[in-house]
Amino acid sequence: MAAQTMRIEVEGMSCASCVGRVERALAAVPGVRDASVNLATQSASMMLDGATPAQAAEALEAAGYPAVTRRVTLQVAEMTCASCTGRVERVLTALPGVIEASVNLATLTAGVTYLAGAVTPEAMAGAVTDAGYPAATDRAQAKDEDRHAGEARILAQQVVIAGLLTLPVFALEMGSHFVPGVREMIDATIGLRTSWLIQFALVTAVLLWPGRRFFLTGIPALLKGAPEMNSLVALGTAAAWGYSVVALYLPGLLPQGAQGVYFEAAGVIVTLILLGRWLEARAKGRTGAAIRSLMGLRPRTARVERDGESVEVALEEIATGDVVQVRPGERLAVDGTVLTGGSWIDESMITGEARPVQKAVDDAVIGGTVNGTGVLRIRAGAVGADTVLAGIVRMVEEAQGAKLPIQAAADRVVRWFVPAVLVLAAATVAVWLGVGPAPALSHALVAGVSVLIVACPCAMGLATPVSVMVGTGRAAELGVLFRKGDALQSLSAVSVIAFDKTGTLTMGRPELTDFRVVAGQEEDSILTRIAALEASSEHPLASAILRAADARGLGLQHAERVEAFAGLGLSGTVGASNVLVGADRLMQREGLGLGGLEAAGTAFAAAGRSPVYAAIDGAVVAVMGIADPVKPSSRAVVAALKAQGLRVAMITGDNAATADAVARDLGIGDVVAEVMPDGKVAALAKLRRAGETLAFVGDGINDAPALAAADVGIAVGTGTDVAMETADVVLMSGDLAGVGRALEISRATLRNIRQNLFWAFAYNTALIPVAAGVLWPVTGTLLSPMLAAGAMALSSVFVVTNALRLRRVGAVVRPSTGVADSRVTAIRGEAA
């Protein structure tokens, strides 16, 4: 079985030590490689090379962090016998992540239990359909509630319950300490012991009801020798409650002066930590806003032409080849090609470009974009999981689940952090019992519990992933896709940016601007034969020559024995003539002199035009000047990058004179010209100085080797170029301003991560000694376990809230673009 990548959702993780434990559990499974766990998304990614999804799920279950499983019902058509049901079941169980499949012939349904994140209901339906049994998801049953929102609701209920139960306890105990007359009132009415009994009953209810989550997870983890955050909370609250129970029922076991209760500490700790988790869940829910916004761009239904009529069908029922009708102001349901009509389409939600794009017959369109004022008929080319929008969502999800190199150091610390805290808490208790002032046991309890609570490493585990989630989501909103999460970190360290010229810095649509022939030759005759040869080429320069021939009304002849020379030109036979077309290097290689045309070619190159020579029957007879206009944004982008201290370079296969002219125009100092396609990798090595990190920006088609070889490969494409497998970063539009956006987001995200990591580590480093009592000799006070719980909860909320600031990176006011702009604003509001 071939190795496969799988991503699954995991339950029960609450801190960085949980992440380490889950990773170790997966890594211990034979056949599991490259396990990576993300606390913010509550997911694990791994490579299965001999292992099965079920084995990975079993390892997680044994570790105490079960994989999230879901149940979906598929509607399956055209099943007629038990053989059909058996085949459908085998197709489903063969999918990665499917645990069990049961097919019912009577109801024509298939019930599937699967690992959440490993496979989608749409993918299951697609596999069954491909097997010959048309299937669709039952949307009512397959709908998955947002996890963070559901978690937040549950936590909110538990906070209310814990708060209502804890408030009387807090009032009884703390009121008697800080409010004059309360202690005397209690003694005169219900009595101190009755007060303690009430506190015992209420706090016991807190621990058994909303607080049981800490014990159900933390105690088994502790018994397995892998303590985590819940273990610390469980130990701390159990210690405070247990000490108080002894003081209440068996006071003789305690030294004189140490017979007090700490029920309020246990109750308040649970309440505050639940409150922190609720705030954290609410904030984490906002980190996935970009994904939900993208998903919200898909319309639920569309009008499809069926049997000569226009019928409204669900999005899941649209098939490749269907003709879809789109009215003014509507969102496109699928990717496809315009059959009839014309309109301006707002693609800003996909590409980040504010201006609508004009579309006519045969133009490609993207699902999720907004039609302007025209009426379109579109032939569906990609539906469901194959659409550009679905691809974008997958890319963003994969990037959000990535683990950056900067997190490695934090993971190494966290692995030993919780066991070290337990040792430190025990040492704190021992020191207070040994040398502490009376009542030593009470002081030891307060200090030990405070150390346990304040040291919970939640913030450490969230520091990196939440920033990555928000940063990559914000980038997607601006038309920048980080295909690989670690590119976020690599791009922030880039000091050199090398651009491909054609199609990247320039428009990529060259035009024939000059045409010179030797005396005695006829321009149209030569151009006709050149065009015949170029009709076999896909090079951008060939299209310019063909457009020029068409503009002159020249008929296209047939060329034979056409041979292409990579990076040089073409040769072939047109009629009775042997024709050679290409760069001066090709002519020189063939031993042909340029004669009087060399000066014209040099002049063309000096003006920024590419000279292309033509030879017929062994003699150079013409030179053409072909210009590829510089993109309007190129100058500003190059200037902005240089202003940031970056070294900007250009790599091109064009001749040196043309390359130098374009470089001078753009203000680029480093130029590597006349590079063959397979020589761009060597050109990158030539540009990269010792210790420098280099990014290469190309069009993602002919520049694949260079994109892969660079430290960071940035592909500049359009909405239909999403599947650029070799690039680390994809700019959805052709606007080079996306390079600046990508850099800004990368640097802002890394800065945010460093802030989070500093806060998380500095917080623990500073407060653990305080909780242990180092300030007692100076102030005579200890850190209350309640304050420790509040501080611990605040640290996680701070980290997530700080990461959410990345949602404002690159914020700009888009220029008004008419109807489409107002429409997309409404859509974004709906999606959010």
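The values are calculated or read from the model by the stated rules, or taken from the named source; none is laboratory data. The model shown is predicted, which means the values in this text are computed figures rather than measured ones. Note that we place each Cβ from the backbone using ideal geometry, even for glycine, and neighbour counts take in every protein chain shown. Keep in mind that these areas ignore ligands, DNA and RNA; they rest on the heavy atoms of the full protein, side chains included. Shrake-Rupley method; radii C 1.70, N 1.55, O 1.52, S 1.80 Å.
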Rounded to the nearest 0.05, what FRET efficiency do Arg561 and Arg664 have when you use their Cβ-Cβ distance and R0 = 56 Å? 0.85
Enumerate the amide H contacts of Ala35 below 5 Å, restricted to partners 5 or more residues apart or on another chain; note that Pro and chain-start residues carry no placed amide H. Met47
Among 578-586, 600-608, 260-268, how do they line up from the highest to the lowest mean number of other beta-carbon atoms within 10 Å? 260-268, 578-586, 600-608
Rounded to the nearest 500, what is the chain's calculated 222 nm mean residue ellipticity when only DSSP H runs of at least 4 contribute -39500 (n - 2.57) each, over all residues? -15500 deg cm²/dmol
Excluding same-chain residues fewer than 8 positions from Lys680, which aspartates and glutamates have a Cα within less than 16 Å of its Cα? Asp500, Asp654, Asp670, Asp699, Asp703, Asp711
Surface share of carbon and sulfur [accessible, 1.4 angstrom probe, percent] for the chain: 57
Cβ neighbours within 10 Å, averaged per peptide: list 118-131, 439-452 in order, most packed at the top. 439-452, 118-131
Just one of [x] 123, 69, 53; [y] 79, 76, 56; [z] 104, 89, 49 is Cα extents along the principal axes in Å calculated from these coordinates, so which is it? [x]
Amide H neighbours of Ser610 under 5 Å, at least 5 residues apart or on other chains, H built in the peptide plane: list them. Ile626, Ala627, Asp628
What's the local net charge at Thr93, with K and R +1, D and E -1, over the other residues with C-beta under 13 Å away? 0
Please identify every one of the GluC sites (Glu not before Pro) in segment 516-604 that sits in a loop by DSSP and has no more than 12 other beta carbons within 10 Å of its own beta carbon. Glu522, Glu538
Expressed in nanometres to one decimal, the distance between label points 7 Å along Cα→Cβ at Met676 and Ala420 is 5.6
Whole-Hz Karplus couplings 3J(HN,Hα) for segment 511-523, θ = phi - 60° and coefficients 6.51, -1.76, 1.60, Gly and Pro as x, run 10, 6, 9, 9, 8, 10, 10, 6, 4, x, 9, 9, 4
Rounded to the nearest 0.05, what FRET efficiency do Arg212 and Arg153 give with R0 = 25 Å and r taken as the Cβ-Cβ distance? Could you check? 0.90
Here segment 23-36 yields Karplus 3J(HN,Hα) values (6.51, -1.76, 1.60; θ = phi - 60°; whole Hz; Gly and Pro given as x) of 4, 5, 5, 6, 5, 6, 7, x, x, 9, 10, 6, 6, 9
Over segment 568-609, give the accessible area per residue in Å² for a 1.4 Å probe, as an integer. 42
Relative to the first principal axis of the alpha-carbon coordinates of the chain, what is the inclination of helix 634-643, with its axis defined by its Cα atoms, in degrees from 0 to 90 and to the nearest 10? 50
Summed residue charge, Cβ within 11 Å of Pro705's Cβ, Lys/Arg positive, Asp/Glu negative: -1
Measuring from the longest principal axis of the C-alpha atoms of the chain, the long axis of helix 212-223 (C-alpha) lies at a number of degrees, nearest 10, equal to 90
Please state the equivalent ellipsoid semi-axes for segment 20-77: what are the square roots of 5 times the Cα gyration tensor eigenvalues, largest first, in whole Å? 23, 14, 11
Over all Cα pairs of segment 474-563, how is the pair count split among 10 Å bins, expressed in % and running from 0 up to the last occupied bin? 13, 30, 21, 14, 16, 6, 0
Heavy-atom accessible area of Met395, protein chains in place, probe 1.4 angstrom, given in Å² to nearest 10, is 20
Cα-based helix-to-principal-axis angle, 53-63 vs the chain, degrees rounded to 10: 30
Along segment 658-670, Karplus-curve 3J(HN,Hα) (6.51, -1.76, 1.60; θ = phi - 60°) to the nearest Hz, with x for Gly and Pro, reads 5, 4, 5, 5, 5, 5, 4, 4, 8, x, 9, x, 9
Give, as a single signed number, the net charge of other residues whose beta carbon lies under 12 Å from the beta carbon of Phe798, with Lys and Arg counted +1 and Asp and Glu -1. 0
Need the full-extension length gain, Leu775 to Lys484, defined as separation in residues times 0.36 nm minus the C-alpha distance. One decimal, nm. 100.1 nm
Of 367-375, 788-796, ordering from highest average Cβ density within 10 Å down gives 788-796, 367-375
Once both label points are put 7 Å beyond Cα along the C-beta direction, the Ala201-Ala576 separation in nm becomes 11.6
Considering Cα pairs under 8 angstrom that are at least six residues apart, work out the relative contact order of segment 364-454 and quote it in whole percent. 19
Relative contact order for the chain: what percent, with Cα pairs under 8 Å and sequence separation of 6 or more? 13
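Hey, can you find the accessible area per residue of segment 187-336 for me, probe 1.4 Å, expressed in square angstrom?
43
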